[in-house]
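Notes for the one structure printed next.
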Amino acid sequence: PPQAPQQLSTLQKYKNIDKFLFDAGSYNSPTVSIYITSLPSQIYSLPKENITCNFTKTSFDLKILDPQNPSTNSYRLVKDNLDKDINPDKCKLIIKKNKIIIKL
């Protein structure tokens, strides 16, 4: 019988991203931004499929998986129970050469 594929995402260990910048925008701004700039420089040049963010109405879950060093260079930032509901369809993940931006 064929073997079931392993679910690596449930077995993967992530380092918590505990340093990030929060920008609430101007008064009554419809969006907020989260900037992540404190990771090792090679993280920002990973293929885009290795940096994902899942959005729900009340949360976001950013996962960064380095296929070369999954045990030492994989990171995660999860925030649930956000202050206000967000629209997952309008949220964005932006990857730049020296930072990751999450727009809610």
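About its Cα centre, the dipole of the chain is roughly 240 debye, where the only charges are +1 on Lys and Arg Cβ and -1 on Asp and Glu Cβ.
Treat the chain as a sphere of radius equal to its Kirkwood radius over Cα pairs and apply Stokes-Einstein at 10 °C in a medium of 1.306 mPa s; give the translational diffusion coefficient in µm²/s, rounded to a whole number. Reported coefficient: 107 µm²/s.
Estimated at 0.36 nm per residue, the fully extended path between residue 78 and residue 37 surpasses their Cα-Cα distance by 13.1 nm. Simple rule: put +1 on each Lys or Arg Cβ and -1 on each Asp or Glu Cβ in the chain, find the dipole, and look at 50, 78, 40; the Cα lying farthest toward the positive end is 40. May I ask you to give the percent of accessible area on the chain that is carbon plus sulfur, with a probe radius of 1.4 Å? For the chain, the apolar C and S fraction of the accessible surface comes to 50 percent.
Taking a ≥ b ≥ c as the square roots of the eigenvalues of the alpha-carbon gyration tensor, region 46-92 is classed oblate because a/c is 1.5 or more while a/b is no larger than b/c.
Rolling a 1.4 Å probe across the protein heavy atoms gives the chain an accessible surface of 72 Å² per residue. Using C-alpha pairs below 8 Å separated by at least 6 residues, the relative contact order for the chain is 29 percent.
Counting lysine pairs in region 56-104 that sit 8 or more residues apart in sequence, or on different chains, and whose Cα atoms lie under 25 Å apart gives 26.
The values are calculated or read from the model by the stated rules, or taken from the named source; none is laboratory data. Since we're looking at a predicted model, the values are computed, not measured. Because the Cβ atoms are built from the backbone with ideal geometry, glycine has one as well, and the counts that use them run over all protein chains shown. All accessible areas refer to the heavy atoms of the entire protein, side chains included, with ligands and DNA or RNA removed. Shrake-Rupley method; radii C 1.70, N 1.55, O 1.52, S 1.80 Å.
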